[in-house]
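Data first, discussion second: the structure below is written as structure tokens.
The values are calculated or read from the model by the stated rules, or taken from the named source; none is laboratory data. Please read these numbers as outputs of a predicted model, since none were measured by experiment. Reconstructed Cβ throughout: ideal geometry from the backbone, glycine too, with neighbour counts over all protein chains shown. Protein only, heavy atoms only, side chains kept; ligands, DNA and RNA dropped before computing areas. Shrake-Rupley method; radii C 1.70, N 1.55, O 1.52, S 1.80 Å.
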Amino acid sequence: MSLEVVFSSFIAALDAAAVGVFATTGALVASRKQMDIFGFALLGTVTGVGGGTVRDVLLGRLPVFWVEKPAYVAIALVVSAVVFFTAHIPESRYRLLLWLDAVGLSLVCVIGAGIGLDAGKGAFIAIVMGVITAVFGGIIRDVLGGESPVILRREIYVIPALIGAMLFVAATGAGVDYPTAAAAGFASCFTVRGLALFYGWSLPGYRPRPGRETREVAPEPAGGESPGAPSDEATARAKGGAET
Amino acid sequence: MSLEVVFSSFIAALDAAAVGVFATTGALVASRKQMDIFGFALLGTVTGVGGGTVRDVLLGRLPVFWVEKPAYVAIALVVSAVVFFTAHIPESRYRLLLWLDAVGLSLVCVIGAGIGLDAGKGAFIAIVMGVITAVFGGIIRDVLGGESPVILRREIYVIPALIGAMLFVAATGAGVDYPTAAAAGFASCFTVRGLALFYGWSLPGYRPRPGRETREVAPEPAGGESPGAPSDEATARAKGGAET
Amino acid sequence: MSLEVVFSSFIAALDAAAVGVFATTGALVASRKQMDIFGFALLGTVTGVGGGTVRDVLLGRLPVFWVEKPAYVAIALVVSAVVFFTAHIPESRYRLLLWLDAVGLSLVCVIGAGIGLDAGKGAFIAIVMGVITAVFGGIIRDVLGGESPVILRREIYVIPALIGAMLFVAATGAGVDYPTAAAAGFASCFTVRGLALFYGWSLPGYRPRPGRETREVAPEPAGGESPGAPSDEATARAKGGAET
């Protein structure tokens, strides 16, 4: 097999793994929201193929990858169904989601960067593509699943993807073979993200900031730190106070 | 007229109807949020052409259909304006939205599947395309309109679209003529969705799940069932309690 | 230099300015949410290039503009970093965001309309493209940043973009040279939006509407006027009352 064929198979396998992992995180969000099996299938599939879909659209690789290779969708559907029938074991589900998401993040930052390189637009675009694709999987999941978007929570989330994509692109640029470069990219991303998860670097701190106009067009609560849509909180708190 | 021309006209007419119906649901959401007429026009149009736009982008049918045939946008704009000037009759507006959405869902699952077939990627992709396009009309509307996304509410929503698309694809595969197959797909989707609406199968049940870590990165309220962004509710409730 | 080259450079310069301005608004939203520097970079960049990206995808101009010219992404990244290191000066940050957003809106409605004209799909599509691209920059920022989408707040926001795009398209259609037409479009949009901001035309009024079913699939609070996701407010208020 030529190197190109090997790399293609390698990317395809990684892509399949990433689709499965992200589909799992989508399905786990569906389980948190107690959706039905079709909600699982939809959110799992959209999450599973979302990052790669954005990547393909931005690069003009159309039809998107899963239209050409429907097996990816089948993987996402099967994974979602499996999660549906097993995820009612409640404990540590959320923890699992975070770690699986870390695996997906690490895979996708490398895959996105690799396909970015493949597009021949240079190292910078390759890295940007790696980061954006890696992060958009989770963003689409969170927006459609009604969760606070992952970029809103002050976690160490973007930087691992950036490090993974940069290392992968730098390594391939330095002549390292693709599998090794990809492994290095994956490992660096997963390590940073894993440390952040393990040591709880992701926990947001509270920092009140006085002296802002709070009731303008889009009101801002006194503590902008809380996850979710703080304006509702502010309104609700005000209302709650008024009605007490 | 050749069969192909007939089918093209048929799809175009269905597409126009679907655009109008979804634009109406978008405009009704705008009315619920008491937007101005430009908000109506924007939300109505985006909703009206949103599903087909996603479909076209994923398949690489670019520019998207309404750039080629601006009449679709004009339909959406006119419909939105009509809703703006008539929707202040309050009663049963939300009920109407649900039923119109059911009509749109039924049209779009067939149209999406038909164009998916047209793309020559096989029956599976055609069905997936039908489901995803059908559901994304409502999802875009809900995300932009600040509503709880339709897939979050545990309704019988995805399955009717799936049934409609499958029946349509199976029928055309079995040699049934396009209009009949489309009618069967529409009818089956609308029947299932209509029954779900009529008998209230859509109402979500409450199922508390104890023993989860609730205040991690993305907190989860005690009852994950409530529509909207539950984290805000949890925060607001906590605050409300604290301030009482 | 031929007129075409001049226009190309002109559009490129405007595009760069718009990217920078929208990136600033994205980064300011990131500062409101106290994200880290990578959150700033991501939200700033996505916001900066979001409108143009949607425009390019819809028109099939792929890869999107910033893949071809990565300098746009670099601009957005630099701007986001600058905001990160300077935006902790709290006062009037939100005001600044609104006015910068107005500048971005005015630039982008003209740029979008210009590229719409360029696509040769006629004046109507050019105007629609101008409006949609102008408004989607802010919409993407708000959705990803967890803010209430700008079209939800009953502001004078869509109409300035519409006026700017229409004036620009009409002027070029009437034979006015591109720079003049673009300046007229920009000025008209900015004037209308600026007046709306200055005189507070954007403030939403409260209009209760009795007699609606409020606790159906997607509940609606008694006062649908409040920004953000009203269902949460309603729920929170109810809970707050119950716990008192």
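For region A:84-114, taking the residues that are under 24 Å from B:Ile125 (Cα atoms) and open to solvent by 10 Å² or more (accessible area, probe 1.4 Å), the one that is modelled with the highest pLDDT is identified as A:Val108.
One residue stands out in region C:166-177 among those that are over 23 Å from the mean Cα position of the chain (by Cα) and either part of a helix (DSSP H, G or I) or within 14 Å of chain B (Cβ to nearest Cβ) (or both): the one that is farthest from C:Cys109 (Cα to Cα), namely C:Gly173.
Could you please let me know if A:Ile163 is open to solvent by 40 Å² or more (accessible area, probe 1.4 Å), assigned to a loop (DSSP other than H, G, I, E, B) and within 11 Å of chain C (Cβ to nearest Cβ)? Considered against the rule, which asks whether it is open to solvent by 40 Å² or more (accessible area, probe 1.4 Å), assigned to a loop (DSSP other than H, G, I, E, B) and within 11 Å of chain C (Cβ to nearest Cβ), A:Ile163 comes out as no. Of the listed requirements (1) at pLDDT 90 or above; (2) open to solvent by 10 Å² or more (accessible area, probe 1.4 Å), B:Ala76 misses just one: (2). Quick one: is C:Ala13 of a type in the set (A, V, I, L, M), out of contact with any Ser or Thr (no Cβ under 9 Å at 6 or more places or on another chain) and either at pLDDT below 80 or not assigned by TED's automatic domain parsing to the domain that holds C:Pro149 (or both)? Here the answer is yes, as C:Ala13 does meet what is asked.
Checking B:Ile132 against (1) more than 9 Å from chain A (Cβ to nearest Cβ); (2) assigned to a helix (DSSP H, G or I), which test does it fail? Single failed check for B:Ile132: (1). C:Ser31 fulfils the conditions (1) at pLDDT below 85; (2) more than 10 Å from chain A (Cβ to nearest Cβ) except for a single criterion, (2).
Has region C:44-52 got at least one residue that is open to solvent by 60 Å² or more (accessible area, probe 1.4 Å), at pLDDT below 95 and in the same structural domain as C:Ile127 (by TED's automatic domain parsing)?
Among the residues of region C:44-52, not one is open to solvent by 60 Å² or more (accessible area, probe 1.4 Å), at pLDDT below 95 and in the same structural domain as C:Ile127 (by TED's automatic domain parsing), which makes the answer no.
Take the conditions out of contact with any Gly (no Cβ under 6 Å at 6 or more places or on another chain), more than 10 Å from every other protein chain (Cβ to nearest Cβ) and modelled with pLDDT of 90 or more and apply them to A:Leu58. Does it pass? Spelling it out, it is not the case that A:Leu58 is out of contact with any Gly (no Cβ under 6 Å at 6 or more places or on another chain), more than 10 Å from every other protein chain (Cβ to nearest Cβ) and modelled with pLDDT of 90 or more. Return yes when C:Pro63 is at pLDDT 85 or above and touching a Phe, Trp or Tyr at 6+ places or on another chain (Cβ under 8 Å) and no when it is not. Criteria not met by C:Pro63.
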